[in-house]
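Let me begin by presenting the structure, written as structure tokens, before commenting on it.
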Amino acid sequence: GLPTVVVAGRPNVGKSTLFNRLVGRRQAIVSDQPGVTRDRKESEAMLRGRRVRLVDTAGLEESKPETLAGRMTASSTQGVDGADVVLFCIDARSGITPADEHFAQWLRKQDVPVILVANKAEGKVGTEGAYDAFRLGLGTPVAVSAEHGEGLAHLMGEIAEHL
Ligand code: GDP
Ligand code: MG
């Protein structure tokens, strides 16, 4: 089948906005309310001339287990399973949260390539926030603004290197 690119991360970091940008049309539901995306949404997308299957994962609070660790594991296992590359998204404006750290720690142990995406990186606050993501130990953060359409060509190039 097609190479699978999974957009993952805690709720409200802008996964669905990024998904829509990469797909090139509005398909996932974007909301100010964390976790409004109920299901995994997927679509085919063309990235640098390569056709891929792009998957938008639901927010971490969607899964059943009650503990933070449980939610992390359930959600990330679902999302990452079968991925050729994971776009692990953080919010450069809110900064790194414990949920991001848990998820990053879990991801580092998985046998899957991860691209660390610092979304909402527009402007000075965003640029500084993106640098902070280095400490997650997942390589150089790729700063983007899904909403403003910044950094997406660079991100597509990074994804293409994993296909
Ligand atoms: P998800 O829960 O991770 O899927 O996040 P959404 O895509 O639903 O977006 C959550 C909120 O973040 C919405 O209000 C979006 O408009 C906003 N958002 C998404 N991308 C950006 C961005 O690049 N910059 C800013 N400032 N806000 C963004
Ligand atoms: Mg969403």
Options Ala99, Ala118, Ala74; residue that is at pLDDT 95 or above, small (Gly, Ala, Ser) and touching a helix residue (DSSP H, G or I) at 6+ places or on another chain (Cβ under 9 Å): Ala118
Six or more apart or on different chains, Cβ under 6 Å: which pairs go from a residue in segment 144-163 that's surrounded by fewer than 17 Cβ atoms within 10 Å (Cβ to Cβ) to one that's of a type in the set (Ser, Thr, Tyr)? Could you list them? Glu147/Thr17
Taking the options Glu150, Glu66, Glu61, name whichever one is charged (D, E, K, R) and modelled with pLDDT of 95 or more. Glu150
Which condition number does Leu107 fail, the rest of (1) modelled with pLDDT of 95 or more; (2) under 14 Å from Val7 (Cβ atoms); (3) part of a helix (DSSP H, G or I) being met? (1)
Lone unmet requirement of (1) more than 15 Å from the chain's Cα centre (by Cα); (2) in contact (Cβ under 8 Å) with a residue 40 or more places away in the chain for Gly129: (2)
What pairs come up if the first residue lies in segment 94-113 and is β-branched (Val, Ile, Thr), the second is surrounded by 13 or more Cβ atoms within 10 Å (Cβ to Cβ) and in a helix (DSSP H, G or I), and their beta carbons are under 8 Å apart, counting only those six or more places apart or on different chains? Ile96/Asp132; Ile96/Ala133; Ile96/Leu136; Val112/Val80
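The values are calculated or read from the model by the stated rules, or taken from the named source; none is laboratory data. Given the structure is predicted, the values throughout are model-derived calculations rather than measurements. Ideal geometry is used to build each Cβ from the backbone, glycine not excepted, and the neighbour counts take in all protein chains shown.
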